[in-house]
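Please treat every number below as a calculation from the coordinates, not as lab data. Not measured: the values here are computed from a predicted model. As a convention, Cβ positions derive from the backbone with ideal geometry for all residues, glycine included, and neighbour counts pool all protein chains shown.
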Amino acid sequence: MKIFNKEPILFVRISLVLISAILGYLIGKEYWHNDLLSYVGLLFGFTIGFIVVTVERSMESISTKKILAGGIGLFIALFITNYVTYKLFKGFFTGNLLGYITYAFVNFVAGYLGLIIGLRVSDEVSIGGFANKAHHLNLKDIEGKQDKSESCRNYKVIDTSSLIDGRILDVAKTGFIDGVLIIPTFVLHELQHIADSQDPLKRVKGRRGLDILKELREDKNINIEFTDIDYPNVKEVDAKLIAFAKEKNGKIITTDFNLNKVAQVRNIDVLNINDLVKALRPILLPGEMMTVVIAKEGREKNQGIAYMDDGTMVVVEDAMKLVGSELDVMVTSVLQTSSGRMIFAKINYDKEQVAN
């Protein structure tokens, strides 16, 4: 029952094939009164059901307009063929197997031609209709529609970590992210679960993510969409994100290191907010001047600690007793570590004396 609840269409397809096979068996047994031919009827019914299911699955990627046009063409062709040829082949029906085969072949060919003609007419009408409309549109209107169509295919999938981080809002407001920011339902569920957590820290993070999401949605300059697409057979949210991005040919916006690596292995483009921040850090060389505010005392004697706007720690010599002061300092060295970057500096006494 669990499988049928998840895949009702699969249950319907299997039922159709089985019913076709049973009907074929019963028809063969009723009309031919032969056990061997009854099994031939079963095989024939199973084949017909399988063909119908195969055709139905192949039609999933065809537009409704094409299906309708093809169906009309098929109906007209079969109607005309049966009306014209029924009397012609009527004499062959009485116990004449060749007559049945010929009649079936003519109907098959006519139906096929009617279907193809209907599909071709559908294409011609679509192209002609677009051409007629194009005469009434100026170049700006056409370019606008093309840009919008391209934008709808340029998906940026937002994960939970980037919403909790919050910097996605500032980046989106700058307009550097083009296309559509799309948020699947399973990301919303995970964010809601974090916001309802018993852990106070997780609860605060989850509510912050919901607040960021609300601001993104309310900003009219940000193109954001929500989708109900889910993958019930996949448990991990990261795996669902990768499957969704793969299906939509989109990029993932994240701050999650592990998700970043897995997505790259799966050949999915990742927009990592942390990488963006690192790329935008100002390049400082020894001897350059900067202004900082001493935030706290350092671990070593006489050291004061300041922070740049991007969170980079600045260690200032002889600034331990100047906590809260704004100082002009000169960079002495820059140390790049696995956890980030550290800048060492000393107070620019010449400029401080001039200011005093």
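Data table
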quantity	calculated
Likely footprinting exposure, Val237, Val329, Val277, fewest C-beta neighbours within 10 Å first	Val277, Val237, Val329
Sorted by Cβ density within 10 Å, fewest first, the residues Glu297, Glu236	Glu236, Glu297
Prolate/oblate/rounded call for the range 150-279, Cα gyration tensor, a/c under 1.5 rounded	rounded
Sorted by Cβ neighbour density within 10 Å, fewest at the top, the residues Ile222, Ile253, Ile242, Ile51	Ile51, Ile222, Ile242, Ile253
Listed pairs Lys205/Lys346; Lys220/Lys251; Lys214/Lys296 exceeding 28 Å between Cα atoms	Lys205/Lys346; Lys214/Lys296
Gain on full stretching of the segment that runs from Ile14 to Lys202 - 0.36 nm per residue minus C-alpha separation	63.1 nm
